[in-house]
Amino acid sequence: MTQAVATPTVAAPAAIPLRGLLPWIVFAGVLLLGLLYFVGAEEGATSMISGSYVHEFLHDGRHLLGFPCH
């Protein structure tokens, strides 16, 4: 009697070229910089939006991340 031994084949991951990732990396960087601005600097003299709505909405998150705001 002969026994057939099956060897598992491992699929190699497909390579993603940098040219395909670059737009997503730039988009994520711009999004994170915008988020950092609104959490860290959107108040007072640097405010782009009048009023204190953004400041009050992000107030607790600002303190949680260590940004002083008053």
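What follows draws every value from the coordinates through simple rules; no lab data is involved. Everything numeric here is computed off the predicted structure, so don't read it as measured data. All Cβ positions, glycine included, derive from the backbone under ideal geometry; neighbour counts span all protein chains shown.
Points worth noting:
- Rg(Cα)/(2.2 N^0.38 Å) for the chain, N = residue count: 2.23
- Sequence-ordered 3J(HN,Hα) estimates for region 15-24 from the Karplus curve with 6.51, -1.76 and 1.60 and θ = phi - 60° stand at 6, 9, x, 4, 4, x, 8, 4, x, 6 Hz, glycine and proline given as x.
- Its DSSP H runs of at least 4 residues, each contributing -39,500 (n - 2.57), put the calculated 222 nm mean residue ellipticity of the chain at -15000 deg cm²/dmol, to the nearest 500.
- Summary of packing: across the peptides 15-25, 55-65, 29-39, the per-residue average of other C-beta atoms within 10 Å ranks them, highest first, as 55-65, 29-39, 15-25.
- Its residue count N fixes a reference of 2.2 N^0.38 Å for region 23-64, and the Cα radius of gyration divided by that reference is 1.28.
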